[in-house]
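Everything on this sheet refers to the single structure shown next.
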Amino acid sequence: MRHRNAGKALSRNSSHRKAMLRNMVTSLLKHGQIETTHARAKAIQPLAEKMITLAKRSDLHARRQALSYLQEKAVAHRLFDELKDKYLDRQGGYVRVIKKGVRKGDGAPVSIVQLQSFDDIKKAESKKEKKKEVVKPVVKKAEPEAQKKEDKVKPDDNGNL
């Protein structure tokens, strides 16, 4: 029975599984997207999101925690310098998993794990704005009669009406 055993074992012992997940999260943050099996993709999604959350904190302790987990120092510096700024206004959902199909050799379900890029976020916001513009038609308000008459009366060269 699997009482009190959270997470997937992924057919590996604990040290191999931890090392594999660390490598995959490092690769994801380095390249922006990776292709892997669906079970592995779902396993690395919360870990990658925790790394981005650490970067958003951006204090020394968070940086050291990220450095202790990630395999490459350069990736940690990139995370805290470049990637952090893309996700400051976002409350979560930094990583998405897209099902791709099945692998030809063994039929394993394959997925693509991607970082939600800043461009994708802007595109989604612009689509929302376009929908709002379509829903709300512009209606001109009628001008009062007094203002219409004032607009029609123009002063002559001497300033008289």
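The values are calculated or read from the model by the stated rules, or taken from the named source; none is laboratory data. Just so you know, these numbers come straight off a predicted model, no measurement behind them. A quick note on method: Cβ atoms are made from the backbone with ideal geometry, for glycine too, and the neighbour counts reach across all protein chains shown.
Numbers at a glance
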{"item": "Conditions (1) more than 25 Å from Gly107 (Cα to Cα); (2) surrounded by fewer than 14 Cβ atoms within 10 Å (Cβ to Cβ); (3) at pLDDT 95 or above: number failed by Arg2", "result": "(3)"}
{"item": "All positions within segment 72-107 that are assigned to a loop (DSSP other than H, G, I, E, B) and exposed (fewer than 15 other Cβ atoms within 10 Å of the Cβ)", "result": "Glu72, Leu88, Asp89, Arg90, Gln91, Gly92, Gly93, Arg103, Lys104, Gly105, Asp106, Gly107"}
{"item": "Top-ranked residue in segment 52-75 [being at pLDDT 95 or above and small (Gly, Ala, Ser); ranked as nearest to Ser117 (Cα to Cα)]", "result": "Ala55"}
{"item": "Residue check for Glu49: in a helix (DSSP H, G or I), of a type in the set (Asp, Glu) and modelled with pLDDT of 95 or more", "result": "yes"}
{"item": "All positions within segment 14-23 that are surrounded by fewer than 19 Cβ atoms within 10 Å (Cβ to Cβ) and among the hydrophobic types (A, V, I, L, M, F, W, C)", "result": "Ala19, Met20"}
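Let's see how each residue does on (1) part of a helix (DSSP H, G or I); (2) of a type in the set (Gly, Ala, Ser); (3) within 23 Å of Arg103 (Cβ to Cβ):
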site: His16; (1), (2), (3): yes, no, yes
site: Glu35; (1), (2), (3): no, no, yes
site: Gln45; (1), (2), (3): yes, no, yes
site: Lys56; (1), (2), (3): yes, no, no
